[in-house]
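Chemist: One structure follows; several queries about it will come next.
The values are calculated or read from the model by the stated rules, or taken from the named source; none is laboratory data. Computed from a predicted structure; not experimentally measured. Glycine gets a Cβ as well: all are built from the backbone with ideal geometry, and neighbour counts include every protein chain shown. Each accessible area value is taken on the protein alone, full model and side chains, heavy atoms only, with ligands, DNA and RNA left out. Shrake-Rupley method; radii C 1.70, N 1.55, O 1.52, S 1.80 Å.
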Amino acid sequence: VSLLIVGSIGIDDILTPAGSARNTLGGSASYAAVAASFLSPVRLVGIVGSDFPRRFLNLFRRRGIDLLGLEIVPGARTFRWTGRYHENFSSRETVEIHLNVFEAFNPRLPAAYASSPYVFLANISPRLQLSVLDQVRSPRFVAADTMDLWIRTDPSRVRALIRRVDLILMNDEEAVLFTGERNLVAAGRALLSAGARAAVIKKGAHGALLFPGPGMPLFQVPAVPLARVVDPTGAGDSFAGAFMGHLASRRSTAPPALRSAMAMGSVMASFTVEDFSLGKLARQSSAALRRRHRGYLGTFRL
Ligand code: AMP
């Protein structure tokens with residue numbers, strides 16, 4: 001059962017308290033696709049320029065990701081982002097962003113993609129997320145992620161997106177910004193009131209909250225406890241990709257599947273933050289994943 005992922009694919013420069021990395025593979029869809037690829041077949045929709053390194057394409061291919069929906073524009077430049085984290089990794093600033101090829105991107109889904117049952121709209125402008133959503137026919141489950149930039153610059157499209165998807169994911173700061181609620185339980189309920197069928201609020205090292213629907217009890221998972229974090233970039237995207245890959249592999253979107261997807265998301269995100277870019281996650285084996293998953297469940301089972 002295939003999972004369609006659209007979002008940014010780019011080249012990042014990153015500075016964290018643990019070091020720095022230049023010209024690394026980045027983008028919300030890159031992280032989500034690689035994370036999901038451990039769990040289900042993935043179709044990637046996005047755009048890059050001819051400067052996009054071949055080794056990044058090879059990484060996607062090694063993970064078995066279907067690249068039919070990836071547009072490579074001759075002579076154009078790939079999306080670029082530079083980010084810097086402060087002392088304790090808790091806050092981050094965008095130092096530079098160049099949308100480049102994304103500025104004029106009009107995604108056209110390959111015909112075979114239109115019937116994808118599971119769809120993840122990873123972080124990119126809500127205009128593009130809605131355009132992809134318009135092209136899929138009766139998907140079983142659609143999730144969307146967004147970020148502060150779009151909440152500030154295009155709030156009406158973010159609101160429209162939330163009403164059209166089955167699940168909206170935001171991190172804690174974005175949920176507070178969007179809803180105006182400082183308390184995260186209140187913020188999650190406010191997302192449901194805004195028309196979200198379900199919502200996930202990611203809290204970084206403090207885990208994640210699932211609001212499965214109006215009137216339903218919330219569910220929470222801790223983060224995997226780690227002794228050393230190198231780069232938190234893409235943790236949320238890996239969480240979401242794994243969450244959706246898990247639903248696709250279980251062929252279920254019922255509450256028990258949503259809850260176990262929360263655990264799978266946490267495990268996959270934990271590999272991402274242990275190195276820059278996809279340095280650690282992309283090298284994992286299914287056995288290593290299962291081991292960490294088992295150990296993680298043991299950290300909070302009574
Ligand atoms: P996250 O840490 O989950 O926010 O995701 C980080 C990734 O998002 C980086 O690899 C960036 O390339 C990408 N990114 C940063 N800003 C944007 C943006 N405005 N739109 C889409 N992707 C972005």
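Chemist: Which condition does residue 198 not pass, out of (1) within 16 Å of the ligand (Cβ to nearest atom); (2) in contact with a Pro (Cβ under 6 Å, 6 or more places away or on another chain); (3) touching a residue at least 60 places away in the same chain (Cβ under 8 Å), if it passes all the others?
Modeler: The number of the failed condition is (1).
Chemist: Continuing with the same structure: The conditions are (1) touching a residue at least 24 places away in the same chain (Cβ under 8 Å); (2) away from the ligand (no atom under 12 Å from the Cβ), and residue 61 fails exactly one of them. Which is it?
Modeler: Result: residue 61 passes all but (1).
Chemist: While we're here: For the list (1) of a type outside the set (Ser, Thr, Tyr); (2) open to solvent by less than 10 Å² (accessible area, probe 1.4 Å); (3) assigned to a loop (DSSP other than H, G, I, E, B), I need the number of the one condition that residue 35 fails.
Modeler: Tallying (1) of a type outside the set (Ser, Thr, Tyr); (2) open to solvent by less than 10 Å² (accessible area, probe 1.4 Å); (3) assigned to a loop (DSSP other than H, G, I, E, B), residue 35 fails exactly one: (3).
Chemist: While we're here: How many residues are of a type outside the set (A, V, I, L, M, F, W, C), within 13 Å of the ligand (Cβ to nearest atom) and part of a strand (DSSP E or B) if we restrict to the stretch 1-21? Let's see the steps before the verdict.
Modeler: First, the residues of the stretch 1-21 that are of a type outside the set (A, V, I, L, M, F, W, C): 2, 7-8, 10, 12-13, 16-17, 19-20.
From what's left, within 13 Å of the ligand (Cβ to nearest atom): 7-8, 10, 12-13, 16.
Next, only the ones that are part of a strand (DSSP E or B) stay: 10, 12-13, 16.
The qualifying residues number 4.
Chemist: Please work out if residue 131 is part of a helix (DSSP H, G or I), surrounded by fewer than 22 Cβ atoms within 10 Å (Cβ to Cβ), within 16 Å of the ligand (Cβ to nearest atom) and polar (S, T, N, Q).
Modeler: On the way: part of a helix (DSSP H, G or I): yes; surrounded by fewer than 22 Cβ atoms within 10 Å (Cβ to Cβ): yes; within 16 Å of the ligand (Cβ to nearest atom): yes; polar (S, T, N, Q): yes.
So residue 131 fits the description; yes.
Chemist: I'd like to know if the stretch 243-255 contains one or more residues that are open to solvent by less than 50 Å² (accessible area, probe 1.4 Å), part of a loop (DSSP other than H, G, I, E, B) and at pLDDT 95 or above.
Modeler: Within the stretch 243-255, one or more residues are open to solvent by less than 50 Å² (accessible area, probe 1.4 Å), part of a loop (DSSP other than H, G, I, E, B) and at pLDDT 95 or above.
Chemist: From (1) in a loop (DSSP other than H, G, I, E, B); (2) within 21 Å of residue 16 (Cβ to Cβ); (3) open to solvent by less than 40 Å² (accessible area, probe 1.4 Å), pick out the condition that doesn't hold for residue 83.
Modeler: Only one criterion is unmet by residue 83, namely (1).
Chemist: Considering only residues that are in contact with a Leu (Cβ under 8 Å, 6 or more places away or on another chain) and open to solvent by less than 10 Å² (accessible area, probe 1.4 Å), which ones fall in the stretch 103-128?
Modeler: Correct list: 105, 107, 113, 116, 118, 119, 120, 121, 126.
Chemist: For the stretch 283-302, how many residues are open to solvent by 100 Å² or more (accessible area, probe 1.4 Å) and farther than 19 Å from residue 35 by Cα? Step through it out loud before you land on a result.
Modeler: Residues of the stretch 283-302 open to solvent by 100 Å² or more (accessible area, probe 1.4 Å): 283, 290-291, 294, 301-302.
When the remaining residues are screened for being farther than 19 Å from residue 35 by Cα, the result is 301-302.
Residues that pass the stated criteria total 2.
Chemist: Right, here's the next one. Residue check: is residue 70 open to solvent by less than 40 Å² (accessible area, probe 1.4 Å), free of Cβ contacts under 8 Å to residues at least 40 places away in the same chain, in a strand (DSSP E or B) and aliphatic (A, V, I, L, M)?
Modeler: Values: open to solvent by less than 40 Å² (accessible area, probe 1.4 Å): yes; free of Cβ contacts under 8 Å to residues at least 40 places away in the same chain: no; in a strand (DSSP E or B): yes; aliphatic (A, V, I, L, M): yes.
Answer is no for this residue.
Chemist: Go through the stretch 23-46 and count every residue that is within 13 Å of the ligand (Cβ to nearest atom) and either among the aromatic types (Phe, Trp, Tyr) or more than 19 Å from residue 150 (Cβ to Cβ) (or both). First the steps, then the outcome.
Modeler: Of the residues in the stretch 23-46, the ones within 13 Å of the ligand (Cβ to nearest atom) are 23-35, 46.
Still in the running and either among the aromatic types (Phe, Trp, Tyr) or more than 19 Å from residue 150 (Cβ to Cβ) (or both): 23-25, 31, 33-35.
Qualifying residue count, the stretch 23-46: 7.
Chemist: Is one or more of the residues making up the stretch 90-101 open to solvent by less than 10 Å² (accessible area, probe 1.4 Å), at negative phi, assigned to a strand (DSSP E or B) and within 11 Å of the ligand (Cβ to nearest atom)? Explain how you work it out, then say what you get.
Modeler: Filtering the stretch 90-101 down to residues open to solvent by less than 10 Å² (accessible area, probe 1.4 Å) leaves none.
There is no residue in the stretch 90-101 that is open to solvent by less than 10 Å² (accessible area, probe 1.4 Å), at negative phi, assigned to a strand (DSSP E or B) and within 11 Å of the ligand (Cβ to nearest atom).
Chemist: If you check residue 147 against the conditions, is it closer than 20 Å to residue 204 by Cβ and open to solvent by less than 10 Å² (accessible area, probe 1.4 Å)? Lay out the reasoning, then the answer.
Modeler: Details: closer than 20 Å to residue 204 by Cβ: yes; open to solvent by less than 10 Å² (accessible area, probe 1.4 Å): no.
In short, no.
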